[in-house]
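What follows draws every value from the coordinates through simple rules; no lab data is involved. Not measured: the values here are computed from a predicted model. Cβ: placed from backbone, ideal geometry, glycine included. Neighbour counts: every protein chain shown.
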Amino acid sequence: MIYGALAIMALMLVDAMREFFPEAMPRFKRQHVVVRFASYAAIVMLIVTIGVFDGAQFIYFQF
Amino acid sequence: MLFNSLHFVIFLPVVVGLFFALPHRWRTHFLLIASYYFYMCWKPEYVVLIALSTVIDYTVGIRMGMTTEQAVRKKWLTLSLIANFGLLFAFKYFNFFNENVRVVLAHFNVFYDSPTFHLLLPVGISFYTFQTVSYSIDVYRGNQEPEHNFRMFALYVSFFPQLVAGPIERSTRLLPQFYEKQSFDAQRAASGLRRILWGMFQKVVVADRLSIYVDSVYNNQVHHGGLTLIVATLFFVFQVYCDFAGYTNIAIGSARIMGYSLMENFRQPFFAKSIAEFWQRWHISLLAWFRDYLYIPLGGNRVPRWRWYLNTMIVFVLCGLWHGAAWTYVITLSLHGFFIVFGNITGPIRKRAVGLLGIEKVPLLHNIGRTSLTFSLFAFSLIFFALSQFPTQFPSSASSSLSITVSSSASLRR
């Protein structure tokens, strides 16, 4: 439940950045390669460590 | 084949590698084979339905292009609509329709032993049906030239990134892209990979993580109290969003690596300030389809007000049916239609109330209020959507009448 709540917060933070600071993403792309790759690595780590790999179907497949 | 599977993790780099290794003239051949393979990994025999739909609409397009006589073109369009929606009805709605007829007749003491088809719903049938139908309508309207290259048309119908869950692309956007010579672009590939990464995060970290909690609560509804159910409902809202938006991001990213641009399907929906705005941010390609091929032909909003309300409700009821053969989907989407109509009717009163209370002097507060209300209304409507996903344990007769479904949707999820 805690992981879920944290994941929602991360998601809403990104969505809020896109909504209110649309220039943030292009600025991120201009960051030093180390910063960018550290961010990507962090997301990969999150996916690997707290991601759920139980072969769950996508809900919209049933439509 | 699932996007969040090892199979896809191997499939995509192999497809991308071979795609760029092949000469341009062979690439669409290869993509078509890859797309059919992608679909056949699920249930090979159902690929016949896609092929049938492809042949029908390809033929219809060519035939419509051969004549300028409107009556003849209309006949071909009618054939396309009957064939496509007929297949959709047979595989998706037949049992639902039959069951409802049986229930209605039983009220009049007429007992109808309805036949039941034990068919598995073909994955993505609603998506590719709408895509092929849009092509036929566009050709009929003269917005799209009939496609003479069968391979290109078949690829338009079956392009693997968006085949099973959209975005529902238009032929005017996607078909020309298949003719363009794509060369590998490292920046574009990096952008595509970023989208895939974010889509994977949404699916496996947010949606599937939340589903553990949501499933445990909704599968034991009677053992949980109000607060737990509210938290589970809120989690379910984010689960549905991340599940679908995650899929869309992986689809857009996969296509982008190969140089193809798919339309955006989500635009921060939870920041919408009204349900009408919400539907400009959520499943954009579906609402755009309904807008262009149903809402505007019905007159849109250029009709008397009562008729505009009716048009809105028609669109949302049918949108609910598109989601699934169950009343729960119809109720969910009808509620959205109702919220839009109600919002329009009460608009002047609410505006006056906001003025009297002086809320508009604090725009931030006003916007937060509107966004929160929109989110709450969406979350509330999703309770009915959840009824389709989980076997109901409510002892009331209401739940049984709501859960007339073709098959257990919950079993499809796993």
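Tabulated data for the structure shown
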quantity: Surrounding net charge for B:Asn98, when Lys and Arg each add one and Asp and Glu each subtract one, Cβ distance under 15 Å; calculated: 0
quantity: Rounded if a/c under 1.5, otherwise prolate or oblate - chain B, Cα gyration tensor axes; calculated: rounded
quantity: Residue-wise HN-Hα coupling along the range B:266-278, computed from phi with Karplus coefficients 6.51, -1.76, 1.60 (Hz; x: Gly, Pro); calculated: 9, 9, 6, x, 7, 9, 5, 9, 7, 5, 4, 5, 4
quantity: Estimated inter-spin distance, B:Thr78 and B:Asn220, nm [label 7 Å along Cα→Cβ]; calculated: 5.8
quantity: Average partner coverage of A:30-42, which counts Cβ from other chains inside 10 Å; calculated: 1
quantity: Paramagnetic label zone (point 7 Å from Cα along Cα-to-C-beta, B:Tyr37; backbone N under 18 Å) in the range B:191-209; calculated: none
quantity: Length-normalised contact order for the range B:74-175 - Cα pairs under 8 Å, 6+ apart - percent; calculated: 29
quantity: For chain B, built as a Gaussian network whose Cα springs stay under 10 Å, the top-fluctuating residue of B:Leu356, B:Leu298, B:Leu318; calculated: B:Leu356
quantity: Peptides ranked, highest mean first, by Cβ atoms within 10 Å: ranges B:280-291, B:164-175; calculated: B:164-175, B:280-291
quantity: Shape category assigned to the range B:1-100 from the gyration tensor of Cα positions, a/c cut at 1.5; calculated: oblate
quantity: Proximal lysines to B:Lys351, defined as alpha-carbon separation beneath 28 angstrom and excluding residues fewer than eight positions away on the same chain; calculated: B:Lys273, B:Lys361
quantity: Choice from B:Asp208, B:Asp185, B:Asp57 showing the highest fluctuation, given a GNM over chain B with Cα pairs closer than 10 Å; calculated: B:Asp185
quantity: Alpha-carbon centroid distance for the pair the range B:149-227 / chain A, whole angstrom; calculated: 15
quantity: Cβ-based net charge around B:Tyr36, under 14 Å, with every Lys or Arg adding one and every Asp or Glu removing one; calculated: +1
quantity: Of the DSSP H helices in chain B, those whose Cα atoms cover at least 18 Å axially and whose Kyte score averages 0.5 or more; calculated: B:6-21, B:47-65, B:70-88, B:226-257, B:305-323, B:327-357, B:363-389
quantity: Three-way shape label, the protein assembly as shown, alpha-carbon gyration tensor, a/c 1.5; calculated: rounded
quantity: Protection proxy ranking of B:217-230, B:42-55 - average other beta-carbon atoms within 10 Å, highest first; calculated: B:42-55, B:217-230
quantity: For the range B:288-300, 3J(HN,Hα) per residue [Karplus equation, 6.51 cos²θ - 1.76 cosθ + 1.60, θ = phi - 60°, Hz, x = Gly/Pro]; calculated: 5, 4, 4, 4, 6, 10, 9, 4, 5, x, 6, x, x
quantity: Tilt relative to chain A, helix A:2-20 - C-alpha long axis, 0 to 90 degrees, to 10; calculated: 40
quantity: Listed peptides B:337-349, B:144-156 by packing density, highest first (mean Cβ within 10 Å); calculated: B:144-156, B:337-349
quantity: Number of partner chain Cβ atoms within 10 Å, mean per residue of A:44-54; calculated: 5
quantity: 5 angstrom amide H check on A:Val52, placed H, neighbours 5+ away; calculated: B:Val205, B:Arg209
quantity: Relative contact order (%) - the range B:1-80, alpha-carbon pairs under 8 angstrom, separation at least six; calculated: 19
quantity: Gaussian network model of chain B, springs between alpha carbon atoms under 10 Å - residue of B:Phe244, B:Phe117, B:Phe94 with greatest fluctuation; calculated: B:Phe117
quantity: Average beta carbon contacts from partner chains per residue of B:195-203, 10 Å cutoff; calculated: 3
quantity: Positive minus negative residues near B:Ala189 (Lys, Arg vs Asp, Glu; Cβ under 13 Å); calculated: +3
